[in-house]
Amino acid sequence: MNNILNELIEKYIQMYNIDSLDITSNPRELVVFLLSEIKCVKMADIKLGMVEITELDKNILDSMMYSVAVDKIPPQYLTHKAYIYNEEYYIEQGVLIPRQDTETLIEESINCIKENGYTSLLDVCTGSGCVGISVTKNSNIQKTTLIDISDIAIKVANRNIELNNVKEKVEVIKSDMFETIYKTSNV
């Protein structure tokens with residue numbers, strides 16, 4: 001890592017004791033992640049010192065680090081981004097942030113679909129839609145329905161359908177669990 005980055009990490013260790021934060025498995029990577037989002041570059045570019053970090057960038061980072069360390073706001077809610085299964089997802093407060101175990105769920109779902117030849121998927125309580133969308137993008141699923149009762153989740157899932165270019169395969173339905181599906185299918 002470059003000197004400026006090391007200085008910033010040391011600053012936040014002293015100010016906020018970032019090594020003790022429970023927000024990420026590697027709190028030092030948090031600084032790199034936030035800087036990469038501020039600069040709209042890859043984390044590797046930040047680590048290698050390939051990007052100039054300006055005073056404005058530092059001020060924005062200071063504000064974000066305060067929000068994370070003091071206000072306990074997850075960084076994904078600040079950046080409105082989460083990366084799961086090699087894809088980017090829009091995230092905002094009101095939907096759960098996908099975690100590492102979400103990737104395990106996605107991987108197991110893809111394996112089950114391959115083993116059984118399924119071509120459709122129902123993702124109930126979808127939240128951001130990241131599970132259903134990632135499974136659809138990485139399997140032979142032809143039709144996916146995402147369901148949630150939350151207006152915020154519906155909005156976020158629709159945004160992620162657009163972001164991940166799966167409009168032709170994925171739809172969102174507002175429903176309390178299976179209620180809407182039962183009404184429309186006469187089950």
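The values are calculated or read from the model by the stated rules, or taken from the named source; none is laboratory data. What you are looking at is a predicted structure, and each value in this text was computed from that prediction instead of being measured. In this analysis, Cβ positions are derived from the backbone assuming ideal geometry, glycine residues included, and neighbour counts consider all displayed protein chains. Remember, those area values only see protein heavy atoms, side chains included, never the ligands or the DNA or RNA. Shrake-Rupley method; radii C 1.70, N 1.55, O 1.52, S 1.80 Å.
Miscellaneous remarks
- The range 27-86 shape via C-alpha gyration tensor axes, a/c threshold 1.5: oblate
- Judged by the ratio a/c of the largest to the smallest principal axis of the C-alpha gyration tensor, the range 75-187 counts as oblate, that ratio being 1.5 or greater while a/b is no larger than b/c.
- Among V70, V124, V170: highest mean-square fluctuation, GNM of the chain, C-alpha pairs under 10 Å: V70
- Coil-residue trypsin sites (Lys or Arg not before Pro) of the range 135-180, DSSP, other Cβ within 10 Å capped at 12: K167
- With contacts taken as Cα pairs under 8 Å and at least 6 residues apart, the chain reaches a relative contact order of 14 percent.
- For the chain, the share of DSSP beta bridges that are antiparallel, to the nearest 5, is 30%.
- Entry comment: accessible area of the chain is 56 Å² per residue, from protein heavy atoms only and a probe of 1.4 Å.
- Beyond 20 Å in Cα-Cα separation lie the following of the pairs K81/K114; K114/K167; K11/K58; K114/K155: K81/K114; K114/K167; K114/K155.
- Under the span-like rule (Cα at least 24 Å along the axis, Kyte-Doolittle mean at least -1.0), DSSP H helices of the chain: 100-116
- Accessible carbon and sulfur surface of the chain relative to its total accessible area, %, 1.4 Å: 50
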